[in-house]
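Peer 1: Let me begin by handing over the structure; questions about it come next.
The values are calculated or read from the model by the stated rules, or taken from the named source; none is laboratory data. These figures come from a predicted structure and were not determined experimentally. Because the Cβ atoms are built from the backbone with ideal geometry, glycine has one as well, and the counts that use them run over all protein chains shown.
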Amino acid sequence: MARETLERTGFRHVGRPVDRIDATGKVTGETPYGDDLRFPRLLHAKLVHAPVAHARIRRIDVSKALAVPGVEAVVTAADLPSHRINPDVRQQTLLARDEVLFYGQPVAAVLARDPYAAAHARDLVEVEYEELPAVVDPLEAMREDSPLARTSAIQEADRSEEQGHITIEAEQEQAQSRPSNVSSTITFKRGDIEAGFAEADAVVEGTWRSAMVHQSYIEPHVTIADYDANGELTIWSSTQAPFHVRHEVARTLGLPDARVRVVATEVGGGFGGKIYLYEALVGALAIHARRPVKLAMSRKEDMLAATPAPQAVVQLKAGMKADGTLVALQARVIYDSGAFPGAPVLPGCLLIGGSYKCPNLDIEGFEVLTNKVSVGALRAPGAPHVAFALESAMDMLAQRLELDPLEVRLKNAVEKGDPLPSGQPYPAIGLKECLEAIARTEIWQQRHQTRQRPNRGVGVAVGGWLGGLQPASATVGLNADGTVNVTVGAADITGTNTTFAQIAAEELNLPLSMVSVVTGDTKTAPYAGMTAGSKTTYTVGRAVKLAAEDARQQILAIASQRLEVPAEELEMEDGVVRAKGQPEKQVTFAELGRLTTGFGARYAPIVGRGAITARRQAPGFSAQVAEVEVDPDTGEVTVLRYAVAQDVGFAINPKSVEGQMQGGAAQGLGIALSEEMVYDERGRLLNPNLLDYRLPTTRDVPPIEAIIVEVPSEEGPYGARIVGEPSIVPGPAAVANAVADAVGARIFEVPITPERVLRALGKLQD
Amino acid sequence: MPKRLINLTVNGEAYEVAVEPWWSLLYTVREELGLTGSKEGCGTGDCGACSMLVDGRLVTSCIMLAVEADGCQVTTIEGLATDGNLHPVQQAFVEKGAVQCGYCIPGMVMAAYDLLRRNPNPTLEEVRLGLAGNLCRCTGYAKIYEAVLAAAERMRGD
Amino acid sequence: MRPFAHFSPKSLDEALDTFRREGEGGRPIAGGTDLVVQLKEGGHKFPYPRYLVSLRRLPELKVLEWREGEGLRLGAGLTMSEVVESALVRERYPALVDGAGIVGSLQTMNMATIGGNACNAAPSADTAPPLLALEARARVVGPEGERVLPVEQFWLGPGRTVLRPGELLVEFLLPPPAPRSAAVYRRHTPRKQMDIAVVGVAVAVELDGDGRTLKRARIALGAVAPTPIRARRAEAALEGQAPTPEAIARAAALAREEATPISDVRGSAAFRRHLVEVVTERLLHEAIERARRG
C-alpha cells in the first residue's frame, strides 16, 4: 500500500509494520473475552425490555417468572437503591421506575442459574403499561404542538461520552424555560451570511438525512459484577473506558472509587458503543444477590437497548464564487438524541464548518428528544452526518460552476491557523495532503475512462475529526531477567499495546521480544482516559514514551555507578549498556534487573513513570474516493473500487494504521449503503438482528486501498496524531457523489438503498 | 425430565455430554466442554462468529441444537493448530494484520480453513464469496482477503 | 427458548409413530436454520412446540434419484449444499441451484434443507419460485397415508402449509426438463449476500421445434404475495407467441400486476412491483437465450 510518509531512518521499531503482540491468542481462540470468563456461583441476568416506546408502568407481576426452576430473583426498580438514581441520565436510571421512555428500555432483571432459564423466565414477567403518545420523528418532535417524549424536564445532561471523543469548550445551551423536546441548542456565526450569499455565483441547498445506525461490534455488551464480603465491587466489562466506568459506578451506587475495581476485558469491538452502559445496573444486581452476576446481551437486546448513533437531519445552504471560493455556509443540524440527552450536536456544528475556509457561517444545532433508545458515540460521532451534507453540496457547487470537485476542495481546504466555527485555530493538519494523495490514485486518475462506461461513476469526499483529550500515565519496569514490562490503564482494541511495545522498545533500544505490555485494572494500572476519541496512542503513547525515557535514565544512572562512566558517555543496545568507545565496559539489563530486584539488592527497582496531560488536539483528516456501478433499473449500487487517504501524523505501526483506515472506511460504506435501524410509527424497532440490520459483508466491500499520509502533529509521540475516527466520515458522501456521477441522481438520504436510487431516478412513482 | 446424553467427538476427542434439548451446540461446547474459542455474536446464524465444522460441514453452531449433533465429528477453532504450531491460515491472519478486536476471528478462520479445503486456489472473488457468512466490523476485510490468499499460496507450496 | 422435548427417529415410519404417540404440540425440525431462530427470537406462526422430532436421520428424506422419463426425486431432507453440489441437479435443474445456492450463507446452506425451506413457508423462500416454475410436485406422508400435490398447492399463507399435524413432506418430484427449455432464478437483495429476497423470480421457458415461438412459459414470484405464486396471466400472454422484446415486456408488466406485495422493512410494495417487472423481463430474455442455445 502506498504511503506519503516521513523519513524512517533513525528509528528501529516505530514507523515499521509489526504483528500485533496479541494476535496469536486471538487466532487460536484462546484470548478470553468477558463471556469466556468463569465464575463460581454465577447468576445470569436477563433484562425485561419494554415492548412499548412510551408508557407509565402500572404494575409488575414477577410471580410466574420466579416459579421457573433455576430462577433466584427478579429485580425491579423498587428493589434498587433509589437515592442516587437520576432519571435524566440513562446509565443512572438502571431500571425504568415509573415511566418507560423507549422501546426496549429495561424494566426488570431476572437472575437465574443458567441463561436459558433466565431468558425463559424473563418472558414470564408480566408488566402492565399505560401507553403514552410516542414521539418518534425528530422534526415532528420539534414542533410546538408535539407531545413530550418525557413527562419531566431534563435538569442535568451527561455529555461525558461525547467529551471523551471530542474535547472542546463551547457553549451549549441547556434545558429551556418552556417544556420542549429540544434539550439543547448550539449556534456558531461568523461574518455576514447574507452578504456571503449575495457574493456567491452559485448557491445550492438541500436537506440531508442520515439513518440511526448501530456500532454493531460483533461481541455484544457483556458485564459481570461481584460484590465481596469486604465491601468491594469488582466489575468485568467489555468497556473502552475502565476508569470512567469506575467513577460512574461508584457515584451511582454510593461507593468510593477506591472500593470499585473495573477490569476491562478484551473488547470485541466498541467503536464508541462500549463506553459505559449497564455496569452500574449489574453492580447493583450483584450487591442485591450477593453473588456474581453476568449480563451478556443477545444481539437483539443489544440492538434494542445499547446506545446506537443518532438519526440526523441536516439542512444546508452553501454559496460559492465562480472561481471556486466558498463564501457562505448556512446550516441547521438536528440530531435525534433518543430518550436521553447526549447527541453529538457540538461536533456536528463544528465540523460542518470545519473542513473549508469560509468567511460567512451561520450554523445552528438542535438536540431533540424522542422515544427511541438514547444515542451514544459511534466513531467520529455526528461527523458522517454533516460530511454527507457538506460534501454533497461541494460536489453540487462544483458541478454548477463546472469546476473539478477535487480542485474545489483543495482550493478551500482548511490549513494550519484557519479557525473552526468556534474560533479555535487548527494546528498543523493534512487535509490538503490527503486530497493530493487521492488525486494520485488510479481510481481518480482513471475517472474519465470510468465515466465512459454506462452507469459507472467516481466520487470524492473528505472529512475530519478533532479528537478527545484526557490525561494519561504509564509505567515501565525492569524485570529480574532484564526484560521490560509496560503497564497502562487503557483498553487495547486497535493494537495500541503493540504500539506501546514499539515505543518502549524504541526508547530502550531493545528487541520487541524483550518488552511486554499489559492493560491493568483500575486498582493496579496507572490512570488513562477512555479508549475513545482516537486518543490512545496520542495520549497514552506519550506517557509510555516518557515512562520509557524515565526508565532509561534510571538504568543509565545505575550503570554509570557500576561502570564508573558518566551517564552521558553510555549507550544501550539490545539489553546491554556500555561505554561509548569502550565496549568492554558494559553491564546487561539482566544484571541490572538482579541488582534492582534481588534479595538484599543494592539499588531500588527501576520503575519509569510517564504522566502527561493533553490540552492540544491533533485533528485528523481523511479523503476518500469511490468508484461505483449503479443498476438503473433495480437501483442496486456496487462499490467497485475504494481508496482512503488519511493523515495520521506518523504511523507508528503502519500495519495497524492501515487496518484502522480500511475498517473505518468500510463502516462508512455501511452507513452509505445498507445500515439503518428502522422504527415504526409507534417507536418500535423493526430490525433488531443482523439479518435485517445489514452490516456490509465481504461481498459488499471491495479490497480498500489505504494511503497513509503523514503530517506530523506537534505533541504526539514521533508526530503521531489521531487515527481511529476520521476514516468513517467521508464514506456516505463519497458514495453519494459517485452515484450522482454515475447516473445523475443526487441522493439526499443514507443509506442509499436501491429503492431510494430508483426514487431519485424518478422510476418509482407511488 | 433428565438431560439427554449425547456423544460428540470434538477436535478428535470423544465426549459424552448431558444436555438439555434446547441447548445450542455452541453453548454446549463452550459451557460443558470449556472450549470458549467459538463466539456468539448474534445467536441467529447471521454473523458466523460461532462457525465450526460438523461432520466436515461448516455450520453456525449457535442455531444448531446440541441434540442434533449427537454422534457427530466436530472441529472447533481450538482444533486447528497442531503441536503448538499455528495452522497456515492462522499464521497468515497474524502476519497480514487481519486481526483487530478478534471476536469474529475464530469463525472467520474456520470459514477460511473450510474454503481452502474445498478450493485450494481461490480468486479474490471466491474468497469474498466464501467468507460472506462471516461479519467483521473492524478490518473492512481487506487484510482478511490478503491473509486468506497468502495462506492459500503457502498451503499450495508455491 | 422455553423447554421442549426432542426425539431423533431413524426412519420415516418411526418419525410418524413419534408424532402419533406424542400427540399435539409436535414440530419437525430439519436444518433448524429458521425454526431455531424462531424459537429463540419469536416470530413463529405456530404455537410454541412441546416437542421436536428431528428429521436429520431419516434416509427416506435424503433420496436424490433420476428416473428416465419420470424425472427427479429430490428428498426434502437434502441440504441446500447437497442440492447445489449434485451434478444431476446442476445439469438438469440449474434454476434450483440458483435458488438453493443463495440461501443465507454457506453455513446456512450446509444446514438448511430444501424441504425445510418449503415448510417454513416464507413467501420469500428462495427455492420456492424455482420449484413452482419447474412444476414440481410434493410427496407428503402422514398418519392417513400418502398424497402427492403440485407445490403450488403446498402453501396457504405466510408460515402456513397444507401439512396436517403429524404429516411430513418427504420429497419433491420434478418432471424431466423438455428439450429447448431453460429455467433460471434470480432475486433482488440490498446486500450482495446474507439477505432475504425483496423479490425473487423464477422463469422456465420451452421453445418449440424451430425456436421461433414459446411453447411454454412458467413465471413464479417470491416475496410479493402471502405465498410464492405463479404469474399465470403473464405466462398465458407469452405461450404460443414469438418471444419478441415487446412480448416479453408485456408479460413482465402483467407479472407486475399479478404481484400483490406488502410494504415492510425489506422494501415497499411499489418497489417490489417495480422489481417484479424488471427482474421478470431480464430473466425471460436470459432463459429464452439459454433455451435457444440448448
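Peer 1: May I ask you to say which residue of A:Gly10, A:Gly34, A:Gly29 is more than 30 Å from A:Val648 (Cα to Cα) and more than 8 Å from chain B (Cβ to nearest Cβ)?
Peer 2: Matching residue, one of A:Gly10, A:Gly34, A:Gly29: A:Gly34.
Peer 1: Among the residues in the range C:190-213, are any over 30 Å from A:Asp680 (Cβ atoms), surrounded by fewer than 17 Cβ atoms within 10 Å (Cβ to Cβ), out of contact with any Pro (no Cβ under 6 Å at 6 or more places or on another chain) and without any contact (Cβ under 8 Å) to a residue 12 or more places away in the chain?
Peer 2: yes
Peer 1: Within the range B:71-95, restricting attention to residues that are of a type in the set (S, T, N, Q), surrounded by 20 or more Cβ atoms within 10 Å (Cβ to Cβ) and more than 24 Å from A:Thr498 (Cα to Cα), which residue is nearest to the other protein chains (Cβ to nearest Cβ)?
Peer 2: B:Thr76
Peer 1: Test A:Leu764 against the criterion of being within 14 Å of chain B (Cβ to nearest Cβ), aliphatic (A, V, I, L, M) and either over 30 Å from A:His54 (Cα atoms) or not in a helix (DSSP H, G or I) (or both), and give yes or no.
Peer 2: no
Peer 1: Further question on the same structure: Would you mind stating whether A:Gly319 is surrounded by 21 or more Cβ atoms within 10 Å (Cβ to Cβ), within 30 Å of A:Glu199 (Cα to Cα) and either among the hydrophobic types (A, V, I, L, M, F, W, C) or touching a residue at least 24 places away in the same chain (Cβ under 8 Å) (or both)?
Peer 2: yes
Peer 1: Go through (1) touching a residue at least 24 places away in the same chain (Cβ under 8 Å); (2) crowded, with 23+ Cβ neighbours inside 10 Å; (3) within 14 Å of another protein chain (Cβ to nearest Cβ); (4) within 26 Å of the chain's Cα centre (by Cα) one by one and return the number of the condition A:Gln91 breaks.
Peer 2: It fails just one condition, (3).
Peer 1: Just checking, which of A:Ile193, A:Ile168, A:Ile186, A:Ile218 is crowded, with 24+ Cβ neighbours inside 10 Å and of a type in the set (A, V, I, L, M, F, W, C)?
Peer 2: A:Ile218
Peer 1: A further question on this structure: Being over 30 Å from A:Ala720 (Cα atoms), modelled with pLDDT of 95 or more and in a strand (DSSP E or B) is the filter here; which residues of the range A:557-614 pass it?
Peer 2: A:Arg578, A:Ala579, A:Lys585, A:Gln586, A:Val587, A:Thr588
Peer 1: Now, a different point. Looking for whichever is free of Cβ contacts under 8 Å to residues at least 12 places away in the same chain and touching a helix residue (DSSP H, G or I) at 6+ places or on another chain (Cβ under 6 Å) here; the options are B:Ala147, B:Ala142, B:Ala132, B:Ala151. Which one fits?
Peer 2: None of the others qualify; the one that does is B:Ala142.
Peer 1: Within the range A:207-311, considering only strands (runs of 3 or more DSSP E) that don't extend past its boundaries, which have at least 3 residues that are touching a strand residue (DSSP E or B) at 6+ places or on another chain (Cβ under 8 Å) and under 18 Å from A:Ala491 (Cα atoms)?
Peer 2: Passing ranges, in order: A:222-227, A:233-237, A:260-264.
Peer 1: Looking at the structure I just gave you, is C:Ile229 surrounded by 15 or more Cβ atoms within 10 Å (Cβ to Cβ) and within 20 Å of the chain's Cα centre (by Cα)?
Peer 2: Here the answer is yes, as C:Ile229 does meet what is asked.
Peer 1: Mind listing whichever residues of the range A:23-64 are of a type outside the set (Val, Ile, Thr), within 29 Å of the chain's Cα centre (by Cα) and part of a helix (DSSP H, G or I)?
Peer 2: Listed by number, the residues that qualify are A:Ala23, A:Gly25, A:Lys26, A:Gly34, A:Asp35, A:Asp36.
Peer 1: Output the number of residues of the range A:483-501 satisfying the condition of being without any contact (Cβ under 8 Å) to a residue 60 or more places away in the chain and either of a type in the set (A, V, I, L, M, F, W, C) or away from every other protein chain (no Cβ under 14 Å) (or both).
Peer 2: 5
Peer 1: For B:Thr44, indicate whether it is within 13 Å of chain A (Cβ to nearest Cβ), among the hydroxyl-bearing types (Ser, Thr, Tyr) and surrounded by fewer than 24 Cβ atoms within 10 Å (Cβ to Cβ).
Peer 2: Criteria met by B:Thr44.
Peer 1: Of all residues in the range A:721-746, how many are of a type in the set (Gly, Ala, Ser), under 20 Å from A:Gly15 (Cβ atoms) and touching a Pro at 6+ places or on another chain (Cβ under 8 Å)?
Peer 2: The total comes to 0.
Peer 1: Could you list all residues from the range C:39-57 that are within 13 Å of chain B (Cβ to nearest Cβ) and either hydrophobic (A, V, I, L, M, F, W, C) or within 20 Å of the chain's Cα centre (by Cα) (or both)?
Peer 2: Scanning the range C:39-57 gives C:Leu39, C:Leu52, C:Val53, C:Leu55, C:Arg56.
Peer 1: From the list A:Ala67, A:Ala78, A:Ala96, A:Ala112, pick out the single residue that is under 25 Å from A:Lys372 (Cβ atoms) and among the hydrophobic types (A, V, I, L, M, F, W, C).
Peer 2: A:Ala96
Peer 1: Yes or no: A:Ile235 crowded, with 20+ Cβ neighbours inside 10 Å and within 30 Å of A:Leu401 (Cα to Cα)?
Peer 2: Against the criterion (crowded, with 20+ Cβ neighbours inside 10 Å and within 30 Å of A:Leu401 (Cα to Cα)), A:Ile235 does not qualify.
Peer 1: Could you please tell me which pairs satisfy a Cβ distance under 7 Å, a separation of 6+ or placement on different chains, a first residue in the range C:1-12 that is farther than 18 Å from B:Leu5 by Cβ, and a second residue that is among the aromatic types (Phe, Trp, Tyr) and in a loop (DSSP other than H, G, I, E, B)?
Peer 2: Listed pairs, sorted by first residue: C:Met1/B:Trp22; C:Arg2/C:Tyr48.
Peer 1: Collect the residues in the range A:471-508 that are more than 21 Å from A:Ser237 (Cα to Cα) and assigned to a loop (DSSP other than H, G, I, E, B), keeping them in residue-number order.
Peer 2: A:Pro471, A:Asn479, A:Ala480, A:Asp481, A:Gly482, A:Thr483 - these are the residues of the range A:471-508 that are more than 21 Å from A:Ser237 (Cα to Cα) and assigned to a loop (DSSP other than H, G, I, E, B).
Peer 1: If only one of A:Arg694, A:Arg699 is part of a loop (DSSP other than H, G, I, E, B), closer than 21 Å to B:Lys96 by Cα, at the interface with another protein chain (Cβ under 7 Å from one of its Cβ atoms) and touching a Leu at 6+ places or on another chain (Cβ under 9 Å), which one is it?
Peer 2: Exactly one residue qualifies, and that residue is A:Arg699.
Peer 1: Taking the range B:82-106 only, how many residues are over 20 Å from B:Ala152 (Cβ atoms) and small (Gly, Ala, Ser)?
Peer 2: Selection size over the range B:82-106: 2.
Peer 1: Could you run through the range A:138-152 and say how many residues are in a loop (DSSP other than H, G, I, E, B), surrounded by fewer than 19 Cβ atoms within 10 Å (Cβ to Cβ) and in contact with a strand residue (DSSP E or B) (Cβ under 9 Å, 6 or more places away or on another chain)?
Peer 2: 3
Peer 1: Right, here's the next one. Looking at (1) within 12 Å of the chain's Cα centre (by Cα); (2) away from chain C (no Cβ under 14 Å); (3) assigned to a loop (DSSP other than H, G, I, E, B), which is the only condition B:Gly133 fails?
Peer 2: Evaluating B:Gly133 over (1) within 12 Å of the chain's Cα centre (by Cα); (2) away from chain C (no Cβ under 14 Å); (3) assigned to a loop (DSSP other than H, G, I, E, B) leaves (2) as the failure.
Peer 1: Can you pull out the residues in the range B:1-38 that are in contact with a Cys (Cβ under 6 Å, 6 or more places away or on another chain) and at the interface with another protein chain (Cβ under 10 Å from one of its Cβ atoms)?
Peer 2: B:Ser24, B:Ser38
Peer 1: So which residues in the range A:611-637 are away from chain C (no Cβ under 14 Å) and of a type in the set (Val, Ile, Thr)?
Peer 2: Within the range A:611-637, A:Ile612, A:Thr613, A:Val625 meet the criteria.
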